[in-house]
Amino acid sequence: MTYESCFQTQIDSLKAEGRYRTFATLERIAGRFPRALHRAPDGSTREVVIWCSNDYLGMGQNPVVLKAMHEALDRSGAGAGGTRNISGTSTYIVDLEDSLADLHGKDSALVFSSGYVANEGALSALIKMMPGCAVFSDALNHASMIHGIRSNPCEKHIYRHNDMAHLESLLASVPAATPKIIVFESVYSMEGDIAPIETIADLAEKYGALTYLDEVHAVGLYGPRGAGVAEERGVMHRIDVIEGTFGKAYGLMGGYIAASAALVDAVRCCSGNFIFTTALPPVIAAGARASIEYLKVSDIERQKVRRNVRRFKDTLTRSGLSFMKGESHIVPLIVGDAVCCKAVTDILMDRHGVYVQPINYPTVPRGTERLRLTATAAHSFEDIDALCVVLKDLWEEYHLLEAVA
């Protein structure tokens, strides 16, 4: 077998299963999100509506954010200059970390190059610093959290998704003196549901565990200042480590943790993911801080999302379309087959100018393939109603209503 034949075999297998990944080339139109230009392989261009964006609040187009980024670019140029340890600790990153600590009511914060890197780097460092620790991880935690947990030898316990009785039974099975970390998310992005954070905090106190909460799909969007679901539910002070991102509701890129001064300082000194990665450039850090500070005081965008999500879910329900009815803003619409899921998204793009990516294995289990739809603050009621009509017609045309009933 040649090397190339090995690679081609893998590609052919993915195509046969309907799991071969194709990417649409999109050019977001400044000031017109969720509209974008789709550049097809044949060179043609047309306007489409994006229905799977994580830019939930449209902050990637916000004038306050763009102004801060232009000013930073003019003042400091494009690059960071290196890792934080060498030459990449700009005043923009220091100010951003101060803003994050204030947002979450913590002593300190630490910025990473992405939310993925933040999870992997922080969890790996924490486990390494606590010899003999036991980790309790929700079964549906993100791959970045799983990789961070697996990177060091430790006792691992996987509890059934949001099953607090199962989590408690696992905690009770470990000696009281064992260091423990409970690792979970607030909003689960492929299910659209939300963790029982208060109960997890209760169990952590009862069994002496550290709590590590991933709020990437919640920061900016939940809570009176956008600090996430923990803030909204009044339990943020009971969570030891909050991890978040700038790549979703804040409209940019990068990730972070917020926690006690000692914990953040220890991760800063011990996380290889942090130490050996080039810092975020000033233009990104400035934009992220502007977005965070703006959303600490502006609730308009959050109100628009709540209004649009309510309209979207109500219209889907009246249309008889089966979606996973979680509490969050994320609407997973079940298809149940990888090939069919890809075919549906192709038709939506080709016939109707609707861009949404299929979600297939290994992101979700086989047989639960879905469209992950997001009604953002920038969508209109007309956008929502038009999509629901198209989806209903498509589901009836391909008998999907019966298939997923």
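Annotation note: of 327, 301, the sole residue that is open to solvent by 20 Å² or more (accessible area, probe 1.4 Å) and either outside any loop (DSSP other than H, G, I, E, B) or not charged (D, E, K, R) (or both) is 301.
Matching residues to (1) within 13 Å of residue 355 (Cα to Cα); (2) among the hydrophobic types (A, V, I, L, M, F, W, C); (3) touching a residue at least 60 places away in the same chain (Cβ under 8 Å):
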| position | (1), (2), (3) |
| --- | --- |
| 21 | no, no, no |
| 35 | yes, no, no |
| 40 | yes, yes, no |
| 44 | no, no, no |
| 47 | yes, no, yes |
| 61 | no, no, yes |
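From 210, 221, which residue is at pLDDT 95 or above, crowded, with 18+ Cβ neighbours inside 10 Å and out of contact with any His (no Cβ under 7 Å at 6 or more places or on another chain)? Just one listed residue meets the conditions, 210.
Taking the conditions (1) open to solvent by less than 50 Å² (accessible area, probe 1.4 Å); (2) in a helix (DSSP H, G or I); (3) basic (Lys, Arg) in turn, residue 306 satisfies each one other than (1). Pairs are defined by a Cβ separation below 7 Å, a sequence spacing of at least 6 or placement on different chains, a first member in the range 357-382 that is on the phi < 0 side of the Ramachandran plot, and a second member that is small (Gly, Ala, Ser) and assigned to a helix (DSSP H, G or I); the pairs so defined are 360/338; 361/338; 369/338. The residue list 316, 387, 321, 371 contains one member that is closer than 27 Å to residue 16 by Cα and either open to solvent by less than 70 Å² (accessible area, probe 1.4 Å) or under 23 Å from the mean Cα position of the chain (by Cα) (or both), which is 371.
Listed here are the residues, each with its yes/no results for (1) touching a helix residue (DSSP H, G or I) at 6+ places or on another chain (Cβ under 7 Å); (2) more than 22 Å from residue 290 (Cβ to Cβ); (3) not aromatic (Phe, Trp, Tyr).
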{"residue": "205", "(1), (2), (3)": "no, yes, yes"}
{"residue": "209", "(1), (2), (3)": "yes, yes, yes"}
{"residue": "246", "(1), (2), (3)": "yes, no, no"}
{"residue": "260", "(1), (2), (3)": "no, yes, yes"}
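Only one entry of 310, 372, 318 meets the criterion of being over 24 Å from residue 55 (Cα atoms) and of a type in the set (Lys, Arg), and that entry is 318. Just one of the numbered conditions (1) within 17 Å of residue 350 (Cβ to Cβ); (2) open to solvent by less than 90 Å² (accessible area, probe 1.4 Å); (3) of a type outside the set (Phe, Trp, Tyr) is not true of residue 42: (2).
Evaluating residue 298 against the criteria (1) over 30 Å from residue 366 (Cα atoms); (2) touching a Ser or Thr at 6+ places or on another chain (Cβ under 9 Å) leaves one unmet condition, (2). Applying the criterion of being outside any helix (DSSP H, G or I) and open to solvent by less than 20 Å² (accessible area, probe 1.4 Å) to the residues of the range 330-359, the residue that is farthest from residue 302 (Cα to Cα) is 335.
Taken together, 227, 209, 201, 172 contain a single residue that is of a type in the set (A, V, I, L, M, F, W, C) and more than 20 Å from residue 107 (Cα to Cα), which is 172. The number of residues in the range 11-37 being more than 19 Å from residue 375 (Cα to Cα) and among the basic types (Lys, Arg) comes to 3. Here 48, 94, 64 are screened, and the one residue that is at pLDDT 95 or above and not in a helix (DSSP H, G or I) is 48. Screening residue 82 on (1) open to solvent by 30 Å² or more (accessible area, probe 1.4 Å); (2) in contact with a strand residue (DSSP E or B) (Cβ under 8 Å, 6 or more places away or on another chain) shows it passes everything except condition (1). Here residue 376 qualifies as open to solvent by less than 10 Å² (accessible area, probe 1.4 Å), touching a Gly at 6+ places or on another chain (Cβ under 8 Å), part of a loop (DSSP other than H, G, I, E, B) and of a type outside the set (A, V, I, L, M, F, W, C). Checked against the criterion of being of a type in the set (A, V, I, L, M, F, W, C) and exposed (fewer than 13 other Cβ atoms within 10 Å of the Cβ), the range 18-27 contains one or more residues that satisfy it. For the range 152-174, the criterion of being closer than 18 Å to residue 241 by Cβ, at pLDDT 95 or above and of a type in the set (Val, Ile, Thr) is met by no residue. Within the range 248-288, restricting attention to residues that are buried (at least 22 other Cβ atoms within 10 Å of the Cβ) and of a type in the set (S, T, N, Q), the residue that is farthest from residue 204 (Cα to Cα) is 273.
Within the range 392-405, can one find any residue that is touching a strand residue (DSSP E or B) at 6+ places or on another chain (Cβ under 6 Å), open to solvent by less than 50 Å² (accessible area, probe 1.4 Å) and of a type outside the set (Lys, Arg)? The answer is yes; a qualifying residue exists. For the range 309-321, filtering for residues that are among the hydrophobic types (A, V, I, L, M, F, W, C) and not in a helix (DSSP H, G or I) leaves 1.
Of all positions in the range 227-247, none carries a residue that is modelled with pLDDT under 95, open to solvent by less than 10 Å² (accessible area, probe 1.4 Å) and under 30 Å from residue 368 (Cβ atoms).
The values are calculated or read from the model by the stated rules, or taken from the named source; none is laboratory data. Only a predicted model underlies this, so the values are computations on that prediction, with no experimental measurement involved. Because the Cβ atoms are built from the backbone with ideal geometry, glycine has one as well, and the counts that use them run over all protein chains shown. Protein only, heavy atoms only, side chains kept; ligands, DNA and RNA dropped before computing areas. Shrake-Rupley method; radii C 1.70, N 1.55, O 1.52, S 1.80 Å.
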